[in-house]
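*Asks:* Can you keep this structure in mind? I'll have questions shortly.
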Amino acid sequence: MTHYRAPLNDRIRDPGMGTTNPDRTENFAYFPAFIHVTGKKVLVLGGGEVATGKLRILSKSQANITVVAPEICDDIAVMVDEGRIVWESTPFVDTMVNGAALVFDATDDPYLTARVKAATKRRNILLNVVDKTAQCDFIVPAILDRSPVMITISTGACAPALARIIRQRLETVLPATMSQLARVARDARQKVADHLHDNVSRQRFWTHFFQRGLQTHSARSICPEDVDLALRQFVPDGSSATVPGGQTLMADVHVDNAFDLPHGIARAIETADIVFHEDHIADDILTLARRDATVIPIGCITLDEHPERKRESIAQQSKIFARQGFNIVTLTQPITH
């Protein structure tokens, strides 16, 4: 089967663009990334409460963590006793940073910080000086832990308290079952690939599976049997996998921002493969579309010479794409003067 392919959604995916002032852009001060530290050395200088805060996060990784400090507090001592970190009580020397992927300075000692910064700079090693943003090569964002799902929030070090508030609000929105949902999906990836042999089918399956999983209000955890059940429901019993029909939605949008958008329309945009939209649909709403979605402007239907004919043409195109397994959303909005 031949599938429709079109340019991807590159219309407004500038993360630096504000929704209240779209003409103002701001480049990244810090590039958002996750660093692979499994089996790698991470050095932490300092043995007090500040160092403890960083170690609580670091100890959840699979890094080889070494703490350098003449003395350590009780919490760090417990981590040492449990074998989660190694403690070096000798004074810091430059060669201690050799081979490190990351270095954290939690000493609040300007003289030592200058030495550490010089040592890491010579070796091209990333340094974080806790609570001294100007001295940092990288910063640590606020973290919402739903391992293996990790959600981070950063304000570019300009408003850490705001990042913490956002994280706290997300804690109440994202269910704890997300962790188990992600683990089940990770273990079932090959099974689903064996049943569904094309990308469109797999994408449709996982979208539906995660939507159901995140909407469930059941106290029970998601388990591998849920994937088996979802596959049986998704693919006709005993048949080979085929592309399931997509869904089409033509929605009248009466708001100019994503926050006020009805949940059903927002969810349809988020899961759509192709989004047709009139020119005056707000950019803030179109940013809900996936990065790999195709976003197609269609002018203004109301002002078209034959508006009903144009609506019918778009509806026919949507049906064709839907038969190929794509979800289609068409967004229109009344013109107000």
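*Asks:* Among what's in region 153-179 and is open to solvent by less than 60 Å² (accessible area, probe 1.4 Å) and of a type in the set (Ser, Thr, Tyr), pick the residue that is farthest from the chain's Cα centre (by Cα).
*Replies:* Step by step, filter region 153-179, then rank; the result is Thr177.
*Asks:* Another question, then. Might you check whether a residue that is touching a residue at least 60 places away in the same chain (Cβ under 8 Å), open to solvent by 70 Å² or more (accessible area, probe 1.4 Å) and at negative phi occurs anywhere in region 211-226? Spell out how you get there, then give the answer.
*Replies:* If we filter region 211-226 for residues that are touching a residue at least 60 places away in the same chain (Cβ under 8 Å), which is where we start, we get 211.
Still in the running and open to solvent by 70 Å² or more (accessible area, probe 1.4 Å): none.
No, region 211-226 contains no residue that is touching a residue at least 60 places away in the same chain (Cβ under 8 Å), open to solvent by 70 Å² or more (accessible area, probe 1.4 Å) and at negative phi.
*Asks:* Here is a follow-up. Looking only at region 244-266, filter to residues that are among the charged types (D, E, K, R) and touching a residue at least 24 places away in the same chain (Cβ under 8 Å); which one of those is nearest to Phe321 (Cα to Cα)? Lay out the reasoning, then the answer.
*Replies:* Kept after step one, since they are among the charged types (D, E, K, R), are these residues of region 244-266: 252, 256, 260.
Within this subset, residues satisfying the condition of being touching a residue at least 24 places away in the same chain (Cβ under 8 Å) are 252, 256.
Values: Asp252: 21, Asp256: 27 Å.
Here the answer is Asp252.
Here is a yes/no grid of residues against (1) at pLDDT below 80; (2) in contact with a Gly (Cβ under 9 Å, 6 or more places away or on another chain); (3) assigned to a helix (DSSP H, G or I):
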residue: Ala182; (1), (2), (3): no, no, yes
residue: Arg202; (1), (2), (3): no, no, yes
residue: Thr207; (1), (2), (3): yes, no, yes
residue: Phe210; (1), (2), (3): no, no, yes
residue: Leu249; (1), (2), (3): no, yes, no
residue: Asp260; (1), (2), (3): no, no, no
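*Asks:* Follow-up question, since we're still on this one. Please tell me if Val149 is under 20 Å from Asp108 (Cα atoms), of a type in the set (Val, Ile, Thr) and open to solvent by 30 Å² or more (accessible area, probe 1.4 Å).
*Replies:* Numbers: under 20 Å from Asp108 (Cα atoms): no; of a type in the set (Val, Ile, Thr): yes; open to solvent by 30 Å² or more (accessible area, probe 1.4 Å): yes.
The answer is no for Val149.
*Asks:* For residues in region 57-77 being assigned to a helix (DSSP H, G or I) and under 27 Å from Thr152 (Cα atoms), which is least open to solvent (accessible area, probe 1.4 Å)? Spell out how you get there, then give the answer.
*Replies:* Keep residues of region 57-77 that are assigned to a helix (DSSP H, G or I), which gives 57-58, 74-77.
From what's left, under 27 Å from Thr152 (Cα atoms): 57-58, 75-76.
Values: Ile57: 81, Leu58: 22, Asp75: 66, Ile76: 0 Å².
This residue is Ile76.
*Asks:* Turning to a different aspect of this structure: Just wondering, is there one or more residues in region 283-306 that are at pLDDT 90 or above, open to solvent by 50 Å² or more (accessible area, probe 1.4 Å) and either over 25 Å from the mean Cα position of the chain (by Cα) or among the small types (Gly, Ala, Ser) (or both)?
*Replies:* There is at least one residue in region 283-306 that is at pLDDT 90 or above, open to solvent by 50 Å² or more (accessible area, probe 1.4 Å) and either over 25 Å from the mean Cα position of the chain (by Cα) or among the small types (Gly, Ala, Ser) (or both).
*Asks:* What residue, among those in region 36-56 that are open to solvent by 80 Å² or more (accessible area, probe 1.4 Å) and in a loop (DSSP other than H, G, I, E, B), is modelled with the lowest pLDDT? Spell out how you get there, then give the answer.
*Replies:* We begin by selecting, within region 36-56, every residue open to solvent by 80 Å² or more (accessible area, probe 1.4 Å); these are 36, 40, 49, 56.
From what's left, in a loop (DSSP other than H, G, I, E, B): 36, 40.
Values: His36: 94, Lys40: 97.
Only one residue fits best here, namely His36.
The values are calculated or read from the model by the stated rules, or taken from the named source; none is laboratory data. What you are looking at is a predicted structure, and each value in this text was computed from that prediction instead of being measured. Heads up, the Cβs are rebuilt from the backbone with ideal geometry, glycines too, and the neighbour counts pull from every protein chain shown. Only protein heavy atoms, including side chains, enter the accessible area calculation; ligands, DNA and RNA are left aside. Shrake-Rupley method; radii C 1.70, N 1.55, O 1.52, S 1.80 Å.
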